[in-house]
Amino acid sequence: MTTSSPRRLGLAATIAVLLLAACASTPQLDAQWTDPQFGAQSGFLHGATVLIACDAYDPVLRQICQDQVASEVVARGATPVFAAPDTPLVGDRAVDGQLLPAARGAGAKALLVVTIAPALGDVGPAFSIGIGGFGFGRHGAVGVGVEAPIGGGRVSTGYSANGRVTDVATGRLVWAARAVTAPSPDVNAQLGELSRTMFGAADKSGLF
């Protein structure tokens, strides 16, 4: 009986991560759900006022996401509105339910929340990689551990987007989708691709 050395296990983990990153063409919609009570082509968001919010660990990512989501909403003839910056939010629970009062106060028909999180890592020379769990804020994920020795190297992160639409009147989730994009140093482009992918799925589901 033979046992694998730590070096071989580390090499196998590295290859697995690189293959995963290579397989994740930019971008991919990997899950979508629509409330069956709505049926096909419901037009639920057609011409509606929608309160939008992006949930991300980094304020820059949050603002980029929010601007791009708002642009997609406008392009489909709906009206985006936003919660006030001082809206109180508790960090140990989902923001969706906490934003419903703000959505009602703004006269919104629906609440659209997009959560942005790291999904894949791509490495350049002089980096070592490992697979493991990591977390930030209230979000956790299986991710890539990166170690960069002195002398350089680079790392790019691929992101996932989880979008949800909630009916403000009832508080019921009516649509959800998740997309992932391959690692790239251009985060703006990544978030734009994720937004377009999710809204493309929303179009096909008949939300607009």
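Structure values in brief
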item: Residues satisfying the stated conditions in segment 85-122, i.e. of a type in the set (Ser, Thr, Tyr) and under 19 Å from the mean Cα position of the chain (by Cα); result: 115
item: Residue match in segment 15-26 (condition: modelled with pLDDT of 95 or more and in contact with a strand residue (DSSP E or B) (Cβ under 6 Å, 6 or more places away or on another chain)); result: no
item: Hits in segment 66-94 - residues which are modelled with pLDDT of 95 or more and among the β-branched types (Val, Ile, Thr); result: 69, 73, 74, 79, 81
item: Any hit, segment 49-56, residues being open to solvent by less than 70 Å² (accessible area, probe 1.4 Å), at pLDDT below 95 and under 17 Å from residue 158 (Cβ atoms); result: yes
item: Whichever residue in segment 159-183 is part of a strand (DSSP E or B), out of contact with any Gly (no Cβ under 9 Å at 6 or more places or on another chain) and open to solvent by 10 Å² or more (accessible area, probe 1.4 Å) and, among such residues, is farthest from residue 43 (Cα to Cα); result: 159
item: Near pairs, Cβ below 8 angstrom, 6+ apart or cross-chain, from segment 184-204 (under 16 Å from residue 61 (Cα atoms) and part of a helix (DSSP H, G or I)) to any residue that is of a type in the set (S, T, N, Q) and open to solvent by less than 40 Å² (accessible area, probe 1.4 Å); result: 190/181; 190/184; 193/181; 194/160; 194/181
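So that you can scan it fast, the table gives a plain yes or no per residue for (1) open to solvent by less than 30 Å² (accessible area, probe 1.4 Å); (2) in a helix (DSSP H, G or I); (3) of a type in the set (Phe, Trp, Tyr):
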position: 70; (1), (2), (3): yes, yes, no
position: 85; (1), (2), (3): no, no, no
position: 90; (1), (2), (3): no, no, no
position: 93; (1), (2), (3): no, no, no
position: 98; (1), (2), (3): no, yes, no
position: 101; (1), (2), (3): no, yes, no
position: 104; (1), (2), (3): no, yes, no
position: 107; (1), (2), (3): no, no, no
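The values are calculated or read from the model by the stated rules, or taken from the named source; none is laboratory data. It should be emphasised that the depicted structure is a prediction, and the values quoted were computed from it without experimental measurement. Counting neighbours? That spans all protein chains shown, and the Cβs are built from the backbone with ideal geometry, glycine included. Heads up: the accessible areas ignore ligands, DNA and RNA and are worked out on the full protein's heavy atoms, side chains in. Shrake-Rupley method; radii C 1.70, N 1.55, O 1.52, S 1.80 Å.
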